[in-house]
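The block underneath contains the structure these notes are about, expressed in structure tokens.
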Amino acid sequence: MLNRFTSWLVTPWTQHITRSNYQKTDIANLSTYDSVKNGKKKYFRNNWSKWKAVPDEFFEPIDFDEIMEWKVAGWELPMDVVCLIRATNKDTKKVKEFVYKQRKAADNRIKQLTQDQNLELCITTHDAQHFLSFQDDDEGNI
């Protein structure tokens, strides 16, 4: 008995780990290393079927007015940002967003963007949101 105990003390601690635990951690580390090495992202399972199986009664209904007040009227810009400009092309529906820390630069960009009749502008400041769109008539009024 004493001989078995002394042999346990002499052996390295890594040999005392059960072989099944060692294999699991070794495989986990290897797969993580391989995914980083190959440049592939690790796969995370999508649980959409679980969400689909949840009955409708578990979700609280939200009115349109609550969403508008929460998401649209509740915007906050960081303190170092003066203006956010979102320009949407009417034909392609592509959106370009411009963020400015200086008011003069934002004013210059607004002047430049208003020259294009095919854009709709949404300008957001700390105080208000403004929507600018050209009418389709020949006068080109804003």
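The values are calculated or read from the model by the stated rules, or taken from the named source; none is laboratory data. Small disclaimer: the values here were computed from a predicted structure and weren't measured. Neighbour counts run over all protein chains shown; Cβ positions are idealised from the backbone, glycine included. Heavy atoms of the whole protein, side chains included, go into the accessibility calculation; ligands, DNA and RNA do not. Shrake-Rupley method; radii C 1.70, N 1.55, O 1.52, S 1.80 Å.
Could you list, in sequence order, the residues of segment 52-101 that are of a type in the set (K, R) and either assigned to a strand (DSSP E or B) or closer than 20 Å to D127 by Cα (or both)?
K71, R86, K96, K101
Regarding segment 75-88, can at least one residue be identified that is more than 30 Å from N108 (Cα to Cα) and of a type in the set (S, T, Y)?
For segment 75-88, residues more than 30 Å from N108 (Cα to Cα) and of a type in the set (S, T, Y): absent.
Considering (1) part of a loop (DSSP other than H, G, I, E, B); (2) within 23 Å of the chain's Cα centre (by Cα); (3) modelled with pLDDT under 90, say which one H126 fails and leave the rest.
(3)
In the list K96, K104, K71, which residue meets the criterion of being modelled with pLDDT of 95 or more and exposed (fewer than 10 other Cβ atoms within 10 Å of the Cβ)?
Matching residue, one of K96, K104, K71: K104.
May I ask you to say which residue of D63, D26, D34, D80 is over 22 Å from the mean Cα position of the chain (by Cα), open to solvent by less than 100 Å² (accessible area, probe 1.4 Å) and at pLDDT 75 or above?
Result: D63 is the single residue among D63, D26, D34, D80 that is over 22 Å from the mean Cα position of the chain (by Cα), open to solvent by less than 100 Å² (accessible area, probe 1.4 Å) and at pLDDT 75 or above.
Can you tell me which condition K90 does not meet? The list is (1) modelled with pLDDT under 95; (2) open to solvent by 60 Å² or more (accessible area, probe 1.4 Å), and all the others hold.
It fails just one condition, (2).
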